[in-house]
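Each remark here refers to the structure printed beneath this line.
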Amino acid sequence: MSSRGVEAPANIDVAHALKESAVAGLIAFGLFLPLIGFHAVQDIRNELVLETRWPLLAAFVILTMAGRLFGCLVVTPWRERRAARPREAAKARPGAAPERLFARLLAPAAAGFVIVYPVLALWLAGLGGAVKWVDNFGIQILIYVMLGFGLNIVVGLAGLLDLGYVAFYAVGAYSYALLSQTFGLSFFMLLPLAGILAAFWGIILGFPVLRLRGDYLAIVTLAFGEIMRLVLINWVPVTNGYAGITGIPRPTFFGIPFNASDDGFATVFGLEFSPIYRTIFLYYIILALALLTAFVTIRLRRLPVGRAWEALREDEIACRSLGINTTSTKLTAFSIGAGFGGFAGSFFAARQGFISPESFTFMESATILAIVVLGGMGSQLGVAIAAIAMIGGTEALRELDVLKQVFGNGFDPTQYRMLVFGFAMVLIMVVRPRGLISTRQASVHLVERKAIVGTLVKEGHG
Amino acid sequence: MSDALLRVEHLTMRFGGLVAVSALSFTANRGDITALIGPNGAGKTTVFNCITGFYKPTEGRIALAHGSAAVWNDLDALTMRNARHLSRPDGALFLLERMPDHLVARRARVARTFQNIRLFSGMTVLENLLVAQHNPLMRASGFTALGIFGLGHYGHAERAAIEKARHWLALTGLLARADDPAGDLPYGAQRRLEIARAMCTDPVLLCLDEPAAGLNPRESAELNELILAIRAEYKVSVLLIEHDMSVVMRISDHVIVLDYGVKIADGAPSAIRDDPKVIAAYLGVEDEEVGKVEAEVGL
């Protein structure tokens with residue numbers, strides 16, 4: 001391999017690049033041959049026939065080779081040139097003032113946007129079209145924002161890796177569904193109750209896992225999530241098994257139901273009936289819940305219990321030497337995180353009107369954890385952004401009908417969701433290994449509040 | 001019983017077949033700086049871990065007294081009663097081997113530092129000192145229930161805690177770094193911060209595990225000053241593990257020497273310095289050969 005001279009960056013090694021590209025092509029061929037090259041389809045007699053898709057396979061291999069070639073010829077020399085340049089730009093920080101202004105305006109601007117969002121959707125998409133925008137994008141994202149905030153307490157602050165968070169979401173959802181059907185209590189009565197029940201289950205899970213650290217903790221919480229789902233499936237007399245629970249009462253507007261009847265919301269307020277009113281009402285409920293979670297978390301971080309969580313993540317032994325009861329500290333983290341999951345769960349049940357164990361699979365736990373990790377553990381803003389990207393991104397894929405014109409009618413963009421997730425995950429972990437927002441804000445300061453770089457902050461998991 | 005603060009009696013710690021500490025007894029007096037020295041692997045840190053509750057000793061009794069020396073009269077009664085501690089109007093008595101680690105720190109008020117520094121490196125220097133005041137702050141926040149609604153006197157308590165932290169930062173020369181992450185501090189400053197953090201728990205006994213390890217002679221001298229100042233002003237007794245003989249000889253009132261988990265000497269620093277058994281242990285030879293080896297190395 002010839003040397004790549006720093007003084008002559010124009011001297012690009014084409015032979016090396018071609019070799020790299022050929023190797024990448026070979027690997028891609030090996031990988032994609034079984035994945036794409038062969039395709040099993042059912043013919044008219046319901047028999048499986050093996051089809052080959054050589055052109056598609058060739059397209060993927062050529063794409064990989066071209067990408068590698070581009071990387072070797074353009075990206076690598078560019079990065080080397082950039083690395084060779086002295087880094088005075090980073091030191092001087094002339095953009096610090098506008099940056100700070102941006103950071104200060106970001107939170108109020110974001111809050112303002114989420115508050116006017118349904119109105120904006122109504123105005124832009126009309127009565128009929130707005131339901132999709134408020135429900136699929138607004139409510140769906142906010143549920144995950146809230147779940148992300150809740151899990152963030154356990155994983156981000158206390159550093160306990162919880163892979164079974166969806167169990168608490170399920171407890172909240174089934175609590176609301178069963179209690180409202182059995183006792184006829186209203187949504188706003190049951191919302192705190194569902195949270196308390198989920199928090200109670202958080203403590204029940206907390207006790208056995210307190211002695212575990214790291215990977216063992218992750219495995220046990222994973223198992224707990226699965227146990228919860230299996231109980232929901234098999235305890236048919238109570239949970240109705242796979243069939244789930246239908247006809248869950250919907251929240252009412254201070255006793256006024258959202259339906260087309262004479263005492264329904266639309267009639268009482270002299271409006272034309274439309275499902276959008278309920279959707280907007282639900283949107284504001286989940287928005288209030290998400291903001292409540294964020295607010296409580298911010299307050300908790302400044303209280304001794306929040307500081308003890310973070311200290312626990314940093315060094316458990318040192319915590320014990322300072323007289324902190326690590327058992328109760330871990331339990332509070334588990335139960336408060338679980339409580340927020342329960343709130344979100346009861347809201348989910350009320351919004352859907354139908355729940356079944358299928359909504360509470362490990363995939364959900366993984367998605368929520370991915371949101372927390374992508375956002376940057378411990379960062380509220382990061383979690384919110386990650387939830388918008390992950391959940392909004394999934395929903396946005398549904399909207400990409402244009403792609404059908406490119407790839408043919410059989411192309412379903414949502415099928416590629418996991419692929420896109422995977423790519424996004426790898427990309428973010430390469431570019432920002434500690435999540436979108438990795439810096440930690442100190443909870444208290446003497447003179448000046450400084451951000452702490454992510455590399456110093458430990459990740460815990462024990 | 002003179003003015004004993006801590007009494008360790010027949011302390012034995014076994015790890016499987018290994019006897020790390022064997023029938024160790026010693027007393028640390030109130031207001032003294034007691035040094036625990038010995039070659040590597042002598043069992044010094046094991047003794048520390050037993051005293052601070054991180055290990056449950058296999059055998060033995062570790063008792064600590066608050067207040068009047070008269071509480072020692074109740075020691076045997078407390079031991080028989082199967083209780084952890086006993087309080088009287090004039091003081092209290094604790095059996096540390098029966099208490100979990102966080103209660104040793106919280107109730108018996110024994111604070112410690114670690115051989116390999118254990119700071120909360122991703123938290124600021126000030127936050128480290130506030131975590132140390134967790135228990136009083138927790139009470140002030142009504143165990144979070146009041147604090148979350150902004151009720152109670154948490155704000156006042158937190159300001160007082162910050163004032164206390166500021167005091168200790170000034171004393172350890174870390175005031176300018178208060179808002180920096182602890183992991184960013186230079187090594188010597190991290191050692192001092194760990195001592196400040198331990199002191200923020202209001203201890204009666206401060207256990208320092210090799211505080212001078214890795215310090216240069218100047219820092220080591222400053223550390224001596226700091227430890228002496230802490231003892232003088234805050235009436236704290238100090239238990240010290242140290243390899244640096246300049247620290248041990250200069251500041252300690254009482255030295256206990258361990259070798260292979262057994263106490264080989266106990267007394268004033270000047271007496272320890274000349275004890276042939278101690279010299280033999282440090283040189284790694286038999287007692288009878290000390291004279292010969294000393295002659296060889298020119299002592």
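The values are calculated or read from the model by the stated rules, or taken from the named source; none is laboratory data. Because the structure is a prediction, the values reported are computed rather than measured. Positions of Cβ are generated from backbone atoms using ideal geometry, with glycine treated the same way; all protein chains shown enter the neighbour counts.
State all residues of region B:183-199 that are surrounded by fewer than 18 Cβ atoms within 10 Å (Cβ to Cβ) and either in a strand (DSSP E or B) or within 11 Å of chain A (Cβ to nearest Cβ) (or both); if no residue qualifies, say none. Listed by number, the list holds a single entry, B:184. Right, residue A:199: within 12 Å of residue A:334 (Cα to Cα), in contact with a helix residue (DSSP H, G or I) (Cβ under 6 Å, 6 or more places away or on another chain) and at pLDDT 90 or above or not? Yes: the conditions hold for residue A:199. Which count do you get for residues in region A:266-293 that are under 25 Å from the mean Cα position of the chain (by Cα) and surrounded by fewer than 20 Cβ atoms within 10 Å (Cβ to Cβ)? Going through region A:266-293 one residue at a time, the tally reaches 6.
Which one is farthest from residue B:123 (Cα to Cα) among residues in region B:166-207 that are among the basic types (Lys, Arg) and more than 20 Å from the chain's Cα centre (by Cα)?
From region B:166-207, those among the basic types (Lys, Arg) are B:166, B:177, B:191-192, B:197; that's our starting set.
Imposing the further condition that a residue be more than 20 Å from the chain's Cα centre (by Cα) reduces the set to B:166, B:177.
Details: B:166: 16, B:177: 12 Å.
Step by step, filter region B:166-207, then rank; the result is B:166.
Across region B:83-120, the qualifying residues are those that are facing another protein chain (nearest Cβ under 7 Å) and at pLDDT below 90, and the one among them that is nearest to the chain's Cα centre (by Cα) is B:105.
The requirement of being charged (D, E, K, R) and over 17 Å from the mean Cα position of the chain (by Cα) is fulfilled nowhere in region B:41-55; no residue meets it.
Which one is nearest to the other protein chains (Cβ to nearest Cβ), of the residues in region B:125-153 that are under 29 Å from residue B:239 (Cβ atoms) and β-branched (Val, Ile, Thr)?
Keep residues of region B:125-153 that are under 29 Å from residue B:239 (Cβ atoms), which gives B:125-139.
Narrowing further to those that are β-branched (Val, Ile, Thr): B:125, B:131.
Values: B:125: 9, B:131: 4 Å.
My answer is B:131.
Residue A:378 meets each of the listed conditions (1) in a helix (DSSP H, G or I); (2) touching a helix residue (DSSP H, G or I) at 6+ places or on another chain (Cβ under 8 Å); (3) of a type outside the set (Lys, Arg) apart from (1).
Does residue A:171 fit the bill of being among the hydrophobic types (A, V, I, L, M, F, W, C) and within 30 Å of residue B:122 (Cα to Cα)? Full working, then the answer.
On the way: among the hydrophobic types (A, V, I, L, M, F, W, C): yes; within 30 Å of residue B:122 (Cα to Cα): no.
So residue A:171 does not fit the description; no.
Considered as a group, the residues in region B:15-56 that are touching a strand residue (DSSP E or B) at 6+ places or on another chain (Cβ under 7 Å) and of a type in the set (D, E, K, R) include one that is nearest to residue B:116 (Cα to Cα), and that residue is B:44. The lone criterion from (1) more than 10 Å from chain A (Cβ to nearest Cβ); (2) touching a residue at least 24 places away in the same chain (Cβ under 8 Å); (3) of a type in the set (A, V, I, L, M, F, W, C); (4) out of contact with any Cys (no Cβ under 7 Å at 6 or more places or on another chain) left unmet by residue B:168 is number (4).
Listed by first and then second residue, the pairs with beta-carbon distance under 6 Å, at least 6 apart or on different chains, first residue in region B:9-22 and not assigned by TED's automatic domain parsing to the domain that holds residue B:261, second of a type in the set (Ser, Thr, Tyr) and part of a loop (DSSP other than H, G, I, E, B), form an empty list. Of the numbered criteria (1) closer than 15 Å to residue B:205 by Cα; (2) touching a residue at least 60 places away in the same chain (Cβ under 8 Å); (3) away from chain A (no Cβ under 14 Å), the one residue B:44 fails is (1). Of the residues that sit in region B:74-95 and are out of contact with any Leu (no Cβ under 6 Å at 6 or more places or on another chain) and either touching a residue at least 40 places away in the same chain (Cβ under 8 Å) or hydrophobic (A, V, I, L, M, F, W, C) (or both), which one is nearest to residue B:11 (Cα to Cα)? Looking at residues that are out of contact with any Leu (no Cβ under 6 Å at 6 or more places or on another chain) and either touching a residue at least 40 places away in the same chain (Cβ under 8 Å) or hydrophobic (A, V, I, L, M, F, W, C) (or both), I get B:95. Considering region A:268-351, the qualifying helices (runs of 4 or more DSSP H), each wholly inside and each with 2 or more residues that are touching a residue at least 60 places away in the same chain (Cβ under 8 Å) and within 30 Å of residue B:203 (Cβ to Cβ), run over A:276-302, A:304-314. Quick one: is residue A:449 within 14 Å of chain B (Cβ to nearest Cβ), modelled with pLDDT under 85, crowded, with 17+ Cβ neighbours inside 10 Å and assigned to a loop (DSSP other than H, G, I, E, B)? When the stated conditions are applied, residue A:449 does not pass them.
Among the residues of region B:200-228, which ones are more than 14 Å from chain A (Cβ to nearest Cβ), among the aliphatic types (A, V, I, L, M) and not in a loop (DSSP other than H, G, I, E, B)?
Our first condition is that a residue be more than 14 Å from chain A (Cβ to nearest Cβ); within region B:200-228, this holds for B:210-228.
Subset that is among the aliphatic types (A, V, I, L, M): B:212-213, B:215, B:221, B:223, B:226-228.
Answer for region B:200-228, where residues must be more than 14 Å from chain A (Cβ to nearest Cβ), among the aliphatic types (A, V, I, L, M) and not in a loop (DSSP other than H, G, I, E, B): B:221, B:223, B:226, B:227, B:228.
Taking (1) surrounded by fewer than 22 Cβ atoms within 10 Å (Cβ to Cβ); (2) at negative phi in turn, residue B:31 satisfies each apart from (2). Within region B:140-181, the residues that satisfy the criterion of being surrounded by fewer than 18 Cβ atoms within 10 Å (Cβ to Cβ) and aromatic (Phe, Trp, Tyr) are B:143, B:149. The single condition among (1) of a type in the set (S, T, N, Q); (2) buried (at least 19 other Cβ atoms within 10 Å of the Cβ); (3) assigned to a loop (DSSP other than H, G, I, E, B) that residue A:261 does not satisfy is (2).
Filter region B:62-82 down to the residues that are of a type outside the set (A, V, I, L, M, F, W, C) and in a helix (DSSP H, G or I), then identify the one that is farthest from the chain's Cα centre (by Cα). Walk me through how you get there before you give the answer.
At the first step, the residues of region B:62-82 found to be of a type outside the set (A, V, I, L, M, F, W, C) are B:66-68, B:73-74, B:76, B:79, B:81-82.
Then keep just the ones that are in a helix (DSSP H, G or I); that gives B:73-74, B:76, B:79, B:81.
Details: B:73: 25, B:74: 25, B:76: 25, B:79: 24, B:81: 27 Å.
By that ranking, first place goes to B:81.
Determine, yes or no, whether residue A:428 is buried (at least 17 other Cβ atoms within 10 Å of the Cβ) and not in a loop (DSSP other than H, G, I, E, B). Yes; evaluated as a whole, the condition is true for this residue.
Count of region A:149-173 residues, restricted to those that are in a helix (DSSP H, G or I) and surrounded by fewer than 24 Cβ atoms within 10 Å (Cβ to Cβ), is 0.
Residue by residue through region B:35-61, note down the ones that are charged (D, E, K, R) and part of a loop (DSSP other than H, G, I, E, B). Break it down into steps so the answer makes sense when it comes.
Of the residues in region B:35-61, the ones charged (D, E, K, R) are B:44, B:56, B:59, B:61.
Scanning region B:35-61 gives a single hit, B:56.
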